[in-house]
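**Student:** Please read through the structure below; I'll follow up with questions.
The values are calculated or read from the model by the stated rules, or taken from the named source; none is laboratory data. This structure is a prediction, so every number in the text was calculated from the model and none was measured. Methodologically, a virtual Cβ is constructed for each residue, glycine included, from the backbone with ideal geometry; neighbour enumeration extends over all protein chains shown.
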Amino acid sequence: MKHKRDYTADRRLPYLCAIALLIGALSTGAAWLLLKLIALFTNLFYFQRLSFAASSPASHTLGWIAALLPVAGGLIVGLMARYGSDKIRGHGIPEAIEAILFGKSRMSPRVAVLKPLSSGIVIGSGGPFGAEGPIIMTGGSVGSLLGQWLHLTAAERKTLLVCGACAGMTAIFGTPLAAVLLAVELLLFELRPRSLLPVALACAVAGFLRPWVLEADVLFPLQVAAPAPMALLSCLAAGLASGSLAALLTLALYRIEDGFHRLPLHWMWWPALGGIAVGLGGLLQPRALGVGYDVIADLLNQHMLISAAVALLVVKAVIWLLALGSGTSGGVLAPLLMMGAGLGLVLAPWLPGGSPGLWPLVCMAGVLGSVLGAPLTAIVFAFGLTHASNALLPLIATTAVAYGVNVLWMKRSIMTEKIARRGLHVHREYGVDPLERMHVEDLMSAPQTLDAALPAGAALAQCRAGTHVHRYYPVTHGRQLLGMLALRTLEAADPAQVCGLLLEPDRGHLLPHLSARTAAGMMARLGVARLPVVAGPERRQLVGMLSLSDLARASAAHAEEESVREKLLGN
């Protein structure tokens, strides 16, 4: 008996893995460049100096003039989007998803250049964004461009695009496993070795290079005590609160975006209008400007009073929603981390069973997982950012509840709503395709053959006398397949002419061990509804026929499992 493989064998996998190693290095360099651009523009806007040293806009001494800087940054980016590429608008992940699912993973060189530049200008001028969305778009562009330069399929380009995106995220945050899970939950739309292995290798390269290029330390080191059993109830409450906040943020963002669309102004001016809100918010709460990693660290380590945290986070939420809704360039992960951690800080006094530092961490993961619709990514991401091993179980419980709120309450996530508004639907549930579970030999039917020496008149009578009349029939000599004969050819032929002289051009054949999915793809590519099945490509011994109706039977068992309710015990 010939045993079948668990996975699709692909001899190009080592080739893709080798390219992924290169992309991991290039995306790490892109992450370094993006962070340096943010630092450069922060120094230029707020301190009027030419420097690549990291600095916070909250420490500026410009007074009220600082309120004009986000407006200037928004105006510059609006002009870049209008006359450069409008693909630089937004936070990057929806654009990457759209390119993967609907654009054959093709990104332009303009995006690769303008996205980090525009994000550096926006964040450097005070925009309340993170660097992760821009680096996902930039790293993805690096992978896509390399894939376009090489001779690859669209599926292989997708793999390289995701390699670049996730390697860039690894370089920014130092969380390679979370980046791989982000690929699985949000970008790849499949779980196959052909894509998972290259992505994992690209993230590993970025993780190893990060200490040399950026920094080696954990971004937000945190120690929490092991939770008590009572913490389970607190995790459920924290999950409900996190999921509710995530849903409100998502709804508010797209209501604001709708408001901008109703303005009698070209979208080029919208980022400048959003910059007005950012500038005013910065006057009220200077620490709400920029990426805000220092604020996240203070929230996680309980270094802020609750009243101060509430005031800061309300301002952060308002300016982030208005700026992102205006269509400017920036990421969503860092603001979501900040708002989630702030929620946990507020709830901590009322949540028993865990140390106070636990609740900002789990709410941070809960909000992130619910907004993204990527719970596994959020759990591992929060752990990777803090290395708080005692928090792993509460992270799972809280994020699962928050994600459940998102699934039950929201039709779409913040990542897919923008795509849906362009008339494109993204279905994010993964499952084993019924056509992958069955093979050609399981579905094929007995062949109704015509002998090559049979006259056309007799062959036509034989076809019409059969149980089913088909459009094409296999013609054999003995049991060897010679080709296919169309019914319309038989009807138009001289009745005395033999079938062996009336064959159609060879359209291919199937092998018994192929999956039903592979067979369906071959039929679609050839534009046929029926193909012969042969025992081997050399012998061409006919063993069956496979039609579209046979393939439909592969889904029957799956449909029964999904719809038929049974009581098997107690009868």
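**Student:** Would a scan of region 306-327 turn up a residue that is at pLDDT below 90 and touching a strand residue (DSSP E or B) at 6+ places or on another chain (Cβ under 7 Å)?
**Tutor:** Yes, the conditions are met somewhere in region 306-327.
**Student:** While we're on this one: Tell me, which residue of region 91-109 that is buried (at least 19 other Cβ atoms within 10 Å of the Cβ) and in contact (Cβ under 8 Å) with a residue 60 or more places away in the chain is nearest to the chain's Cα centre (by Cα)?
**Tutor:** Across region 91-109, the extreme among qualifying residues is I97.
**Student:** Just checking, does region 334-349 include any residue being touching a helix residue (DSSP H, G or I) at 6+ places or on another chain (Cβ under 9 Å) and on the phi > 0 side of the Ramachandran plot?
**Tutor:** No: zero hits.
**Student:** Sort out which residues of region 153-190 are among the polar types (S, T, N, Q), within 22 Å of V111 (Cα to Cα) and in contact with a helix residue (DSSP H, G or I) (Cβ under 8 Å, 6 or more places away or on another chain), and write them in order of number.
**Tutor:** Residues satisfying the conditions are T159, T170.
**Student:** Need a quick list: helices (runs of 4 or more DSSP H) entirely within region 271-384 having at least 2 residues that are of a type in the set (D, E) and surrounded by fewer than 24 Cβ atoms within 10 Å (Cβ to Cβ).
**Tutor:** Of the helices (runs of 4 or more DSSP H) lying wholly inside region 271-384, those with at least 2 residues that are of a type in the set (D, E) and surrounded by fewer than 24 Cβ atoms within 10 Å (Cβ to Cβ) span 293-300.
**Student:** Count, please, the residues in region 509-546 that happen to be among the hydroxyl-bearing types (S, T, Y) and surrounded by fewer than 19 Cβ atoms within 10 Å (Cβ to Cβ).
**Tutor:** Counting residues in region 509-546 that are among the hydroxyl-bearing types (S, T, Y) and surrounded by fewer than 19 Cβ atoms within 10 Å (Cβ to Cβ) gives 1.
**Student:** For a quick check of your reading of the model, give me the residue pairs whose first member lies in region 555-570 and is at pLDDT 75 or above, whose second is part of a helix (DSSP H, G or I), with beta-carbon atoms closer than 6 Å and at least 6 apart or on different chains.
**Tutor:** S555/P434
**Student:** So, one more: With (1) at pLDDT 85 or above; (2) touching a Leu at 6+ places or on another chain (Cβ under 9 Å); (3) part of a helix (DSSP H, G or I) as the list, and L435 as the residue in question, which single condition is left unmet?
**Tutor:** (1)
**Student:** Specify the residue that is surrounded by the fewest Cβ atoms within 10 Å (Cβ to Cβ); the eligible residues are those in region 44-58 that are in a helix (DSSP H, G or I) and in contact (Cβ under 8 Å) with a residue 60 or more places away in the chain.
**Tutor:** For region 44-58, the residue satisfying everything is L44.
**Student:** Test of understanding: among I76, I38, I88, which residue is touching a residue at least 40 places away in the same chain (Cβ under 8 Å) and under 22 Å from the mean Cα position of the chain (by Cα)?
**Tutor:** From the options I76, I38, I88, the qualifying one is I88.
**Student:** Identify, please: which residue in region 469-501 is in a strand (DSSP E or B) and within 12 Å of A456 (Cβ to Cβ) and is, among those, farthest from the chain's Cα centre (by Cα)?
**Tutor:** That would be V498.
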